[in-house]
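Asker: The structure that follows is given in the form of structure tokens.
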Amino acid sequence: MVHSEERDIIFRLKGILEFACQLENPNGAQSQGTISKSFQGLRSKVSSKNIVLTVCNSPILIWPNTGFRSNVESLMEASSCGDILQYIESDDSGSKKSSKKKDKKKSGPTAVNMKLLFEVTEPAGNEAPSLIRVSTQQHCVKMPLPLDCVLSVSTDESLATVCTGLVEALNKQLADMEEVVLRYRKGSSFLVPQPFHFQLPEPAGFTTVIYPAGVPDSQLQAAREDLHRRFKLPSDRPYLRRANAFHFPDAAYKDGYLRNPHIHLNPPNIEDAKLYLVQGVYSYHHYMQDRVDDDGWGCAYRSLQTICSWFQQQGYVETAVPTHTQIQQALVDVGDKEPRFVGSRQWIGSIEVQAVLDQLLGVTSKIMFVSQGSELATKGRELANHFQTEGTPVMIGGGVLAHTILGVAWSENTGQIRFLILDPHYTGGEDLQTITDKGWCGWKGPEFWDQNAYYNLCLPQRPKTI
């Protein structure tokens with residue numbers, strides 16, 4: 001289902017339906033019709049009067065297929081869907097400090113989570129049970145279908161419209177799941193269809209795609225090519241790999257790393273300047289994480305980890321972010337270091353970062369060299385072009401320090417420039433307010449750099465792939 005991304009509320013409806021069918025001959029011509037008939041039964045179920053939608057963290061129950069009915073008297077068919085928000089209890093798991101900072105510059109729409117239920121009690125009838133004897137051998141197939149539908153709307157949209165849209169989305173998703181099940185099944189062996197939501201460039205907007213569980217992205221190339229053509233997406237970068245899936249604003253990241261702390265910053269005040277920023281999502285890696293005491297020597301390793309996290313979360317690679325030991329081993333494997341380098345506390349620089357990205361991720365990089373830090377103020381055009389075309393984080397090393405550049409604010413007319421810096425030397429916890437207020441992620445002027453030290457910048461290049 002496709003929706004506009006310029007909306008205020010995302011309604012997300014989740015539930016499990018059990019798919020079941022009896023196949024006399026799993027490889028026979030009739031099996032496809034039997035499977036489709038079972039899916040049609042599920043579509044009839046979600047269109048029946050027994051369907052109930054419940055709003056999480058609230059007392060609200062809604063019967064969408066009975067002319068709209070709710071257990072909350074004030075919520076009626078013509079009510080604004082934004083009225084639901086007043087009944088939802090907030091579930092802030094983060095610290096007050098961090099929450100306060102996030103509220104100051106909120107990003108993204110509000111998410112309303114809903115669950116799919118069904119009434120199972122009905123007035124008793126006069127029907128008697130019937131028994132059917134089947135003499136032929138049959139294959140009984142059962143599997144859970146993880147329904148997950150989204151609808152993006154403005155807060156003044158009516159509740160009736162939202163509920164109608166969600167029921168339509170359920171029917172559409174079941175049809176898409178049927179297509180995937182039929183395409184990837186082998187006899188009586190079925191793959192569970194899984195929904196993924198993507199926020200694509202306009203006009204495609206918010207889109208849901210069904211992929212078969214257990215089939216890696218590397219084997220779904222043809223399916224993605226079809227989708228890229230359908231949505232008129234560029235053919236040189238991933239948009240529809242599983243790692244590209246939309247991260248809902250109310251969902252926490254399970255690995256504990258902060259994502260994109262720079263989005264909570266205000267831009268610098270430079271006349272005629274334009275912002276050229278990293279594209280996509282990265283994790284903030286810094287000193288003392290992962291139970292590794294690298295204070296004083298691991299800054300370039302952490303900057304490299306941030307870059308690797310970007311390639312992982314944009315869907316270019318499926319490998320985990322490398323550890324310090326894996327980074328060192330990669331440098332030994334390419335012949336850059338001696339075996340005793342593994343397990344040491346020796347620094348690395350931009351050239352080593354380039355080598356590791358190539359060895360572990362298959363990513364090539366350009367190296368920009370400046371003989372003294374004062375020259376960095378003149379590199380606005382080159383850096384702006386990098387963030388416009390490649391959009392990857394940049395590692396910069398000079399003297400004994402390494403940093404990550406996430407963007408520049410640069411005026412083509414005056415040449416004025418500010419650098420958006422992510423500092424790997426931070427040793428504290430994952431506190432967004434401290435990190436942004438204290439400048440661990442922040443805008444820096446040209447004076448930030450050692451004016452007399454030389455610097456190498458590693459500019460990773462996007463692989464041309466979908």
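Asker: Taking N as the number of residues in segment 261-460, what is its Cα Rg relative to 2.2 N^0.38 Å?
Answerer: 0.98
Asker: Among 261-271, 360-370, 455-465, what's the highest-first ranking by average C-beta atoms within 10 angstrom per residue?
Answerer: 455-465, 360-370, 261-271
Asker: Below 13 Å, Cα to Cα, which aspartates and glutamates can residue 379 reach? Residues fewer than 8 away in the same chain don't count.
Answerer: 412
Asker: Using modelled amide H (1.01 Å from N, peptide plane; none on Pro or chain starts), what sits under 5 Å from the amide H of residue 68, excluding residues fewer than 5 places away?
Answerer: Excluding prolines and chain starts, which carry no amide H, there are no hits.
Asker: Which order do the peptides 46-58, 384-396 take when ranked by the mean count of other beta-carbon atoms within 10 Å per residue, highest first?
Answerer: Packing proxy ranking, top to bottom: 384-396, 46-58.
Asker: At 1.4 Å probe size, with the rest of the protein present, what percent of the exposed accessible area of segment 261-460 is carbon and sulfur atoms?
Answerer: Carbon with sulfur: 46 percent of the solvent-accessible area.
Asker: Determine the calculated [θ] at 222 nm for the chain from helices alone, applying -39500 (n - 2.57) to every DSSP H run no shorter than 4 residues and normalising by the residue count; nearest 500 deg cm²/dmol.
Answerer: -7500 deg cm²/dmol
Asker: Multiply the residue separation of residue 118 and residue 411 by 0.36 nm, subtract the distance between their alpha-carbon atoms, and state the gained length in nm to one decimal.
Answerer: Length difference between fully extended and current span is 99.6 nm.
Asker: Something else now. Using only Cα atoms, locate the centre of segment 204-279 and the centre of segment 364-441, then give the distance between them in Å, rounded to an integer.
Answerer: Between the Cα centres of segment 204-279 and segment 364-441 lies a distance of 22 Å.
Asker: Which ³J(HN,Hα) values in Hz, rounded to whole numbers, follow from the phi angles of segment 38-47 under the Karplus curve 6.51 cos²θ - 1.76 cosθ + 1.60, where θ = phi - 60° and Gly and Pro get x?
Answerer: For segment 38-47, the Karplus curve yields 5, 5, 4, x, 5, 5, 5, 5, 6, 9 Hz.
Asker: If you don't mind, there's one more thing I want to ask. Give a residue-ordered list of calculated ³J(HN,Hα) values for segment 199-216 (Karplus: 6.51 cos²θ - 1.76 cosθ + 1.60, θ = phi - 60°; whole Hz; x for Gly, Pro).
Answerer: Taking θ as phi minus 60°, the curve returns 9, 9, x, 4, x, 5, x, 7, 9, 10, 10, 9, 10, x, 4, x, 9, x Hz for segment 199-216.
Asker: Could I ask something else about it? With every protein chain left in place, what is the accessible area per residue of segment 261-460 in square angstrom, probe 1.4 Å?
Answerer: 42
Asker: (i) 28.7; (ii) 23.4; (iii) 25.5: which one is Kirkwood radius over Cα pairs in Å as calculated from this entry?
Answerer: Label of the calculated value: (iii).
Asker: Where does each of 420-427, 212-219, 189-196, 401-408 land if you order them by average Cβ count within 10 Å, highest first?
Answerer: 401-408, 420-427, 189-196, 212-219
Asker: So, one more: For Cα pairs less than 8 Å apart in space and 6+ apart in sequence, what is the mean separation divided by the residue count of the chain, i.e. the relative contact order in percent?
Answerer: Taking the mean separation of contacting Cα pairs over the length of the chain, I get 16 percent.
Asker: In nanometres, what is the gap between the two model label sites at residue 78 and residue 182, each 7 Å from Cα along Cα-to-Cβ?
Answerer: About 4.3 nm separates the two model spin labels.
The values are calculated or read from the model by the stated rules, or taken from the named source; none is laboratory data. Owing to the predicted nature of the structure, the values given are computational and were not obtained by experimental measurement. We place every Cβ from the backbone using ideal geometry, glycine too, and count neighbours over all the protein chains shown. The accessibility values were calculated without ligands, DNA or RNA, using every heavy atom of the protein model including side chains. Shrake-Rupley method; radii C 1.70, N 1.55, O 1.52, S 1.80 Å.
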